[in-house]
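What follows is a short report on a single structure.
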Amino acid sequence: FKRAVLFIDEEYYVMHDKIDSNGDLLNTYEWRFHANAGGEANGTLIENENGGIITLQVNETISLQVYTTTASEQHSISYPTSIHSNDILGESGYKNHTVINVDHEAMDTDFLTIFYPTNSEQIIINSIENDTSYIGLLLNRPGNFYDVVIVQNQNNLININGFTSSIGDSIPNIQTTANFLFISM
């Protein structure tokens, strides 16, 4: 298991979890994010197909956009309620809360997750291509910034043809053998 985390422009986090089984059998992998939302917790969780938006109301509304995916997006996502252990803070220390739970069946796998905190608009995240060997995401950020994140489990050659983004901007061809690649435009 290897985890790489990048803090981008002091705005958001990109996390790549790379899991190699060293075998040839299918395994079911689970990625979980325990949120201070849902259940008896203070926040709310708006579920979506790739994670959700966690919102807390303090002095102002603060949201965390959680986007997670796997290669070829062949995963299932659920939102169970969880109870933390009473062993650390005692019975009153933890409340029931919602968990973003992603299951993926594969020999080896990658989970690519974006954590984007904001008190205003959410960012738009789209898959670049649907492929079983790598994950490619395009993030459209405020201020006309584009970020491309590509991860893979092996060091295979990846060729992504240039394309036009959903709002009409040109994204160049990308060729790489990197396991974890970040490009900002």
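The values are calculated or read from the model by the stated rules, or taken from the named source; none is laboratory data. Computed from a predicted model, the values in this text were never measured in an experiment. Virtual Cβ from ideal backbone geometry, glycine too; neighbours counted across all protein chains shown. Just the protein is used for accessible areas: all its heavy atoms, side chains included, with ligands, DNA and RNA removed. Shrake-Rupley method; radii C 1.70, N 1.55, O 1.52, S 1.80 Å.
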Exercise. Would you confirm whether any residue within the stretch 95-113 is among the small types (Gly, Ala, Ser) and under 27 Å from residue 41 (Cα atoms)?
Key: no
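State all residues of the stretch 40-58 that are in a strand (DSSP E or B) and either among the hydroxyl-bearing types (Ser, Thr, Tyr) or closer than 21 Å to residue 70 by Cβ (or both); if no residue qualifies, say none. Give the derivation first.
The initial filter retains those residues of the stretch 40-58 that are in a strand (DSSP E or B), namely 43-48, 51-57.
Those that are in a strand (DSSP E or B) and either among the hydroxyl-bearing types (Ser, Thr, Tyr) or closer than 21 Å to residue 70 by Cβ (or both): 44, 45, 47, 48, 51, 52, 53, 54, 55.
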Quiz item: (1) over 17 Å from residue 176 (Cβ atoms); (2) at pLDDT 90 or above: which one isn't true of residue 126, the others all being true?
Solution: (2)
Quiz item: From the residues in the stretch 8-23 that are more than 16 Å from residue 153 (Cβ to Cβ) and in contact (Cβ under 8 Å) with a residue 24 or more places away in the chain, which one is nearest to the chain's Cα centre (by Cα)?
Solution: 14
Quiz item: Would it be correct to say that residue 13 is open to solvent by 80 Å² or more (accessible area, probe 1.4 Å), at pLDDT 90 or above and in a strand (DSSP E or B)?
Solution: yes
Practice problem: Filter the stretch 124-171 down to residues that are of a type in the set (Asp, Glu) and more than 15 Å from the chain's Cα centre (by Cα) and give me whichever is most open to solvent (accessible area, probe 1.4 Å). | Solution: 129
Self-check item: Output for the stretch 150-185, where each listed residue is under 28 Å from residue 20 (Cα atoms) and among the hydrophobic types (A, V, I, L, M, F, W, C)
Solution: 150, 151, 157, 158, 160, 174, 178, 180, 181, 182, 183
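So is residue 26 over 20 Å from residue 136 (Cβ atoms) and either in contact (Cβ under 8 Å) with a residue 60 or more places away in the chain or exposed (fewer than 14 other Cβ atoms within 10 Å of the Cβ) (or both) or not? Steps first, please.
On the way: over 20 Å from residue 136 (Cβ atoms): yes; either in contact (Cβ under 8 Å) with a residue 60 or more places away in the chain or exposed (fewer than 14 other Cβ atoms within 10 Å of the Cβ) (or both): yes.
Yes, satisfied.
Among residues belonging to the stretch 120-132 that are part of a loop (DSSP other than H, G, I, E, B) and touching a residue at least 24 places away in the same chain (Cβ under 8 Å), point out the one that is nearest to residue 54 (Cα to Cα).
Of the residues in the stretch 120-132, the ones part of a loop (DSSP other than H, G, I, E, B) are 120-123, 128-132.
Filter once more, so that each one left must be touching a residue at least 24 places away in the same chain (Cβ under 8 Å): 122-123, 128-132.
Details: 122: 11, 123: 14, 128: 25, 129: 27, 130: 27, 131: 29, 132: 29 Å.
Result: 122.
If I ask for residues that are among the aliphatic types (A, V, I, L, M) and closer than 22 Å to residue 139 by Cα, which ones from the stretch 29-50 would you list?
Our first condition is that a residue be among the aliphatic types (A, V, I, L, M); within the stretch 29-50, this holds for 35, 37, 41, 45-46.
Result: 45, 46.
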Quiz prompt | Residues satisfying the stated conditions in the stretch 129-154, i.e. modelled with pLDDT of 85 or more and closer than 16 Å to residue 111 by Cα | solution = 134, 135, 136, 137, 138, 148, 149, 150, 151, 152
Practice problem: Quick one: in the stretch 59-76, of everything that is assigned to a loop (DSSP other than H, G, I, E, B) and more than 16 Å from residue 102 (Cα to Cα), which residue is most open to solvent (accessible area, probe 1.4 Å)? | Solution: 59
Quiz item: Which of the residues that make up the stretch 39-54 are under 20 Å from the mean Cα position of the chain (by Cα) and crowded, with 16+ Cβ neighbours inside 10 Å?
Solution: 43, 44, 45, 50, 51, 52, 53, 54
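Only residues that are within 17 Å of residue 181 (Cα to Cα) and either of a type in the set (S, T, N, Q) or in a loop (DSSP other than H, G, I, E, B) (or both): list them for the stretch 133-147, please.
Initial filter on the stretch 133-147 (within 17 Å of residue 181 (Cα to Cα)): 133-140, 145-147.
Once the filter is applied, which keeps residues that are within 17 Å of residue 181 (Cα to Cα) and either of a type in the set (S, T, N, Q) or in a loop (DSSP other than H, G, I, E, B) (or both), the stretch 133-147 yields 133, 140.
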